[in-house]
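Undergrad: Supplied in structure tokens, the structure appears directly below.
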Amino acid sequence: MKFLVVLFSLCLVVLISADCPHKRSGLTKWSEWSGRPKAVAADVNIPANSKILLDVSPDFPMNQLKVSGELIFDDTPLSISFERMYAIDGGHIWIGSEDCRVKSQINITLLGQRQPTFDPDGAGTKCIGCFVNSQIDIHGEDRNPTWTQLDGTVLKGATDIVLEDDVDWRVGETIIIATTDFEDFNEDPNYPPSQSEKRVILARPNSKTVTVDPLNYMHWGDFWEGGKHNEKIDIRAEVGLLTRNIVIKGDISGTAGDDHW
């Protein structure tokens, strides 16, 4: 019986590991791979049948990261920047999987001008792409929920925000409280253009409450009832979690004015 229990445990460990792309056997570490970029603005190609584990952040930003084999992000803090990264000719880009979500912080920065000077595959710049018969998996930490609503109006200067739902949000993460005002309809040029507010969570008194720095505006947190048919309309402010452990963002340093994109 003990032998069977041990055998079952070993099989279970193997099955769990097999579901994690970064734990598979036969991977070549990026830090040891001869094809990694050696200078700024390189074109990097991962050929078919190659399995490259991105175990460290690349030393240089890249023009192009073309994946015809497999590029697998390790579950470790990583930062990578490029003009375009795409899977092509049956390639596969893995950032976690459905059964093995990445929990570390992954930061991806997209570079480039609106009109690239060299783009042989037509992928453009600031692009993460996938061509025919290729795949991209991006699976970050599962947060529940990512947005909810107020459970009661909060006034200007308030610091405790009571939410409708239990949330798993953490101290240090960023949230946004949506406006409930009519600033879009106000013709006063001195009227605040937006009363939506971003705040960092300072404390979690309980599962439905977050503590933040004082709010600049009032945010409605109740239903409106009335009208000819005694309607009940939900006009409570939405509250959303902005923090994610996989962040894909565009760099704006290479553009100016209205050309930001």
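The values are calculated or read from the model by the stated rules, or taken from the named source; none is laboratory data. Computed from a predicted structure; not experimentally measured. Note: ideal-geometry Cβ built from the backbone for every residue, glycine included; neighbour counts use all protein chains shown. All accessible areas refer to the heavy atoms of the entire protein, side chains included, with ligands and DNA or RNA removed. Shrake-Rupley method; radii C 1.70, N 1.55, O 1.52, S 1.80 Å.
Undergrad: Within the range 62-84, can one find any residue that is open to solvent by 20 Å² or more (accessible area, probe 1.4 Å) and hydrophobic (A, V, I, L, M, F, W, C)?
TA: Taking every residue of the range 62-84 in turn, none turns out to be open to solvent by 20 Å² or more (accessible area, probe 1.4 Å) and hydrophobic (A, V, I, L, M, F, W, C).
Undergrad: Name the residues in the range 194-229 that are surrounded by fewer than 12 Cβ atoms within 10 Å (Cβ to Cβ), assigned to a strand (DSSP E or B) and without any contact (Cβ under 8 Å) to a residue 40 or more places away in the chain, would you?
TA: 203, 206, 223, 225, 226
Undergrad: Here's a check for you: in the range 127-147, which residue that is among the polar types (S, T, N, Q) and closer than 16 Å to residue 94 by Cα is least open to solvent (accessible area, probe 1.4 Å)?
TA: Here the residue is 134.
Here's the yes/no breakdown for (1) touching a helix residue (DSSP H, G or I) at 6+ places or on another chain (Cβ under 9 Å); (2) of a type in the set (A, V, I, L, M):
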| site | (1), (2) |
| --- | --- |
| 137 | yes, no |
| 142 | no, no |
| 151 | no, no |
| 154 | no, yes |
| 158 | no, yes |
| 162 | no, yes |
| 167 | no, yes |
| 172 | no, no |
| 176 | no, yes |
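Undergrad: Residue 160: under 30 Å from residue 221 (Cα atoms), surrounded by fewer than 16 Cβ atoms within 10 Å (Cβ to Cβ) and touching a Lys or Arg at 6+ places or on another chain (Cβ under 9 Å), yes or no?
TA: Against the criterion (under 30 Å from residue 221 (Cα atoms), surrounded by fewer than 16 Cβ atoms within 10 Å (Cβ to Cβ) and touching a Lys or Arg at 6+ places or on another chain (Cβ under 9 Å)), residue 160 does not qualify.
Undergrad: Right, another one. So in the range 34-61, with the set limited to residues that are open to solvent by 50 Å² or more (accessible area, probe 1.4 Å) and acidic (Asp, Glu), which one is farthest from residue 129 (Cα to Cα)?
TA: For the range 34-61, the residue satisfying everything is 59.
Undergrad: Here's another thing I want to ask about it. Residue 232 passes all but one of (1) over 30 Å from residue 78 (Cα atoms); (2) modelled with pLDDT of 95 or more; (3) in contact with a strand residue (DSSP E or B) (Cβ under 6 Å, 6 or more places away or on another chain); (4) not in a loop (DSSP other than H, G, I, E, B); which number fails?
TA: Answer for residue 232: the failing condition is (2).
Undergrad: Hey, can you tell me all the residues within the range 100-114 that are part of a loop (DSSP other than H, G, I, E, B), open to solvent by 30 Å² or more (accessible area, probe 1.4 Å) and at pLDDT 95 or above?
TA: Passing the criteria: 101, 103, 105.
Undergrad: Next question, about the same structure. Kindly indicate whether residue 243 is open to solvent by less than 60 Å² (accessible area, probe 1.4 Å), within 30 Å of residue 112 (Cα to Cα), touching a residue at least 12 places away in the same chain (Cβ under 8 Å) and part of a loop (DSSP other than H, G, I, E, B).
TA: Considered against the rule, which asks whether it is open to solvent by less than 60 Å² (accessible area, probe 1.4 Å), within 30 Å of residue 112 (Cα to Cα), touching a residue at least 12 places away in the same chain (Cβ under 8 Å) and part of a loop (DSSP other than H, G, I, E, B), residue 243 comes out as yes.
Undergrad: Kindly check whether there is at least one residue in the range 115-122 that is among the small types (Gly, Ala, Ser) and either in contact (Cβ under 8 Å) with a residue 12 or more places away in the chain or crowded, with 17+ Cβ neighbours inside 10 Å (or both).
TA: no
Undergrad: Given (1) modelled with pLDDT of 95 or more; (2) under 18 Å from the mean Cα position of the chain (by Cα); (3) among the charged types (D, E, K, R), identify the lone condition not met by residue 143.
TA: (1) is the only condition that residue 143 fails.
Undergrad: Please report, ordered by residue number, the strands (runs of 3 or more DSSP E) entirely within the range 1-95 with at least 3 residues that are under 23 Å from the mean Cα position of the chain (by Cα) and at pLDDT 95 or above. It would help to see each step written out before you state the result.
TA: Details: elements: 42-46, 51-54, 62-67, 70-73, 78-87, 92-95.
Counting at least 3 such residues, we get 51-54, 62-67, 70-73, 78-87, 92-95.
Undergrad: Here is a list: 25, 31. Which entry is more than 23 Å from residue 107 (Cβ to Cβ), among the polar types (S, T, N, Q) and surrounded by fewer than 18 Cβ atoms within 10 Å (Cβ to Cβ)?
TA: The unique qualifying residue is 25.
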